[in-house]
Structure formats: structure tokens, C-alpha cells
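Just below is one structure, and these are the notes that go with it.
What follows is calculated from the coordinates using simple rules that are stated; it is not laboratory data. Every value quoted in this text rests on a predicted model; they were computed, and no experiment measured them. Here the Cβ is made from the backbone with ideal geometry for all residues, glycine too, and neighbour counts use every protein chain on show.
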Amino acid sequence: MNSAEELDIIKTVLEYCDSGRTHMEPELMMNPVSNYTDPDLLEREVETLFRKFPIIVGHVAQLPEPGQYFTHDDTGVPILVTRNRDGEIKAFMNVCRHRGARVATADCGKSNTVSCPYHGWTYDLDGKLRGVRQPSGFDGIDKASLGLVELPAFERFGLIWVRPSVSDTPVDIDAWLAPMAEQLGSLNLEGHSIFREWTLHRDMGWRIALEGFQECYHFCTAHKNTACSSYLDNQSVFINQYPHVRHAVPLTKITELSKQPESTWDYRPNFMTQNYLFPCNFVQVMTDHVYVHTIVPTEPGKCVFKCIMLIPEPARTEKAERYWEANYNVVRTVFDEDFEIGEGIQKGFAAGANEHFVIGRFETSVQLGQKAIDDALEGRLAV
Ligand code: FES
Ligand SMILES: [Fe+2]
């Protein structure tokens, strides 16, 4: 069943095919190259974008049962994500309150408590300090105030979101995701299984990696032997759901819909949808599966890319395994094509050839994303 938004997107694409037009922003954007290279700006970005906004850290399939946990380090804040005995998702700084050691050292596990490897202080999955070894040396400490530092964490649309800093004000995650809720809700991501998960550390600033997913102008050049043939060339529709963006990339076969009655149109089989969820999250919806990816800066000129491939049900047969593996191999190749170009851009900064990058009128999500980032850095956008 298409939403009104999806029906509009289909109509717009068919109209573009007829007229030869494509989605255009009112103006070109001249983006200063310092936005990509200035280390002070990067510090402000980390402090704001990667501390004050919710980041996707995983999928619910990683924590199906109470007592399970995993660790997450991509944001630079060591995070421990748990499902407590009541079944709620919780997140904490993975930092011991005694003398700061990393409490949970495994990538994931199942246990009622986690015990610090340094001196053995023990915490439960609600972050409460449960045990202090040889407590006579700690007479008078207030155990209640020495729980792990809690971070705002949410389970929405099958995804686990964490704000990587403590917050005095509650985070209204539903209001934050509201502009994308109809679409994300329709995907049943909570019912999906993880087929593959991978993390790449790449030698490119996070903004370069981000922008690779924010336009499709590059498909038929950067991906000429891979993604190009499946999609209409540069005919995306962008829906500005500020500060998020729905970026709908039509498959070539959509042109057949113009010969069929509107009542038979179906959005999903005719699009790849690259949903940008501010500041660094993407939910990339394919015709029959989904990639969830995040891009986070690690230091100037470097970033970490994490991707989870979700499939609608576990691959139970060899045939299914082969089918999804083939999809996985294609996407790895396509993403690598983007990242190779991105690392070349990063290297080119040293030459100083450009003072500005010229962002075209149809490179819409790059323009919208840049404006939202500016808004957040200048205090006009908050969760
Ligand atoms: S630092 Fe964790 S118990 Fe000492
Ligand atoms: Fe690409």
C-alpha cells in the first residue's frame, strides 16, 4: 500500500521522464572547502552533531533477550548498550566509576552483571553498582551515586538510537523522527534479521563519505559498471523532511508504470530510497532488503562507516543464503567505489586546488544536509 507521499513521488518521476526535467533546488551552493578540512570545525561538529543528536548504534536483533548487551565505540564515546531484565533498552558510558577502566570488554554478551576487569567492581544491566570487592577500603562511598553514567537510549523502528552525551533535558525521540515515521514504520524493520554487519575505517573526512549518499548524479560515472544500469540517470526525487531527507532513486523499470492504471502502482519495487536521518544515519531501502549505515568522524581526514544489512527473514536455505550474499557483494563493491573516490578527494585537499565545491541544483540532499549541519552548529537546530 503506497502512502500519499509515495504516490506523489511516483507521479513526479513519471512526469520527469516525460518532460526530461529533474528535481532542482532554487540555486547552486558554493560550499567552502574549509567545511571539510578545518580541524576546529571538526571539533565543533563532534561536540554538537555527534554528542547532542541520536545516532543509530544497532538493530534490535542484536539484543533480542533481557540480559544481553553489546558495546559500541564508533562515536568516540565508549558505549554499553543493554536490554535490562524488564526488556528495556539502556545505554551507559562503558567507563568504570572507580578509576575509569572499560567495564564491558567483549563486543557483546549475556549476563546479569558486568564486572570491571581492573579491580572487579560489578554493575547490573541497569547500570547500578552492585558489588565493590573488599569494600572495607571504600567505607562511606555512596553506591547509589556510582552507577554507570546513563545515556539517553531508544528503541524505535527496530533500531537502537543513543545520544552519546548525558542530557539535562529529555530527548523527544518521537518528535525528532516524526517527519520520517510513516515511512520507517511501514518497513517492519523490527521484524528483520541481520544478514551481515561490517565496519570500515576510511581515510576520508566524514562529510565526504556522507555526501556520497546524498545525490545520484554520480551513479552513472562512479558506478558505471555496477549500480548505473538499474536506475534512471539523475532522476531522484527528494522530499525535505527537515532536518532529514527522503531521497527516492527510481529504478529504470518504473517507466512501465505509465502504461498501467494508478491503482496497480507499487512504490517499493520501483525505488531505492536513501533516507538521511540527521546528522549521520542512513536507512537505505532496497526493493526487498535494507541497509542501515552511519558515518562518524574519528580524527581529521578519517571516519568510520558502519553498516547493517537487514533481510526480511533469516536466510534458511542455501539458495536464500546465496541470494543475499550476492546482494551483499554488490553493495560492498558499490560502497567501495564511493569510498575510493572519497579517499582521493581527501588526498586532493593538500593541493589546495579548490576554495569552494560547487554543489549542483540537483545535488539536493547535499545542499539540504549542509544547511541542517550549519543550523545545528549555529544553535538553530536541536533535538
Ligand atoms: S577501574 Fe573498575 S574496578 Fe577499578
Ligand atoms: Fe555511490
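Numerical summary
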item: Extended-chain gain in nm, criterion 0.36 nm per residue less alpha-carbon gap, Asn354 and Arg102; result: 86.4 nm
item: With Cα atoms, 0 to 90° folded angle of helix 364-377 axis to the chain main axis; result: 30 degrees
item: Cα-based reach from Lys128 at 20 Å (exclusive), listing aspartates and glutamates while leaving out same-chain residues under 8 positions away; result: Glu65, Asp86, Glu88, Asp139, Asp142, Glu150, Asp168
item: Most mobile listed residue (Asp139, Asp203, Asp86) in the chain, GNM with C-alpha springs under 10 Å; result: Asp139
item: Where a label projected 7 Å from the Cα of Asp126 along Cα→Cβ would reach, residues of the range 87-120 with amide N under 18 Å; result: 87-93, 111-115
item: Candidate lysines for bridging to Lys224, where Cα separation is under 24 Å - those fewer than 8 sequence places away on the same chain excluded; result: Lys253, Lys347
item: Cut-off 12 Å between beta-carbons: net charge of the residues surrounding Gly342, Lys and Arg +1, Asp and Glu -1; result: -3
item: Alpha-carbon centroid distance for the pair the range 338-383 / the range 101-151, whole angstrom; result: 42 Å
item: Above-threshold pairs, the threshold being 25 Å between Cα atoms, out of Lys110/Lys306; Lys52/Lys143; Lys143/Lys306; result: Lys52/Lys143; Lys143/Lys306
item: Rounded to 10°, Cα long-axis angle of helix 4-19 versus longest principal axis of the chain; result: 40 degrees
item: Cβ-Cβ FRET estimate between Thr298 and Glu47, R0 fixed at 22 Å, reported to 0.05; result: 0.90
item: The range 55-170: translational diffusion in µm²/s, Stokes-Einstein, Kirkwood Rh over Cα pairs, 25 °C, 0.890 mPa s; result: 171 µm²/s
item: Cysteines in the chain lacking a second Cys C-beta under 4.7 Å; result: Cys17, Cys108, Cys216, Cys280, Cys303, Cys307
item: Spin-label pair Lys11/Asn112, simplified geometry with 7 Å Cα→Cβ offset, distance in nm; result: 6.0 nm
item: Net length gained if the chain between Thr264 and Thr333 were fully extended (0.36 nm per residue, minus Cα distance); result: 21.5 nm
item: Spatial separation of Cα centroids for the range 170-219 and the range 1-53, in angstrom; result: 13 Å
item: The range 263-282 residues near the modelled Leu251 label - backbone nitrogen below 13 Å, point 7 Å along Cα→Cβ; result: 266-273
item: Choice from Glu215, Glu190, Glu363 with maximal GNM fluctuation in the chain (Cα, 10 Å cutoff); result: Glu190
item: GNM flexibility winner over the chain from Gly58, Gly147, Gly369 (Cα, springs under 10 Å); result: Gly147
item: Label-point gap, in nm, between Glu150 and Arg133 - each point 7 angstrom along Cα→Cβ; result: 2.8 nm
item: Surface/4 estimate of mean projected area, convex hull on alpha-carbon atoms of the chain, nm²; result: 21.4 nm²
item: Average Cα contact separation per residue, the chain, under 8 Å, 6 or more apart, as relative contact order %; result: 22 percent
item: Low-density loop cleavage sites - chymotrypsin sites (Phe, Trp or Tyr not before Pro) in the range 312-345, where at most 16 other Cβ are within 10 Å (DSSP); result: none
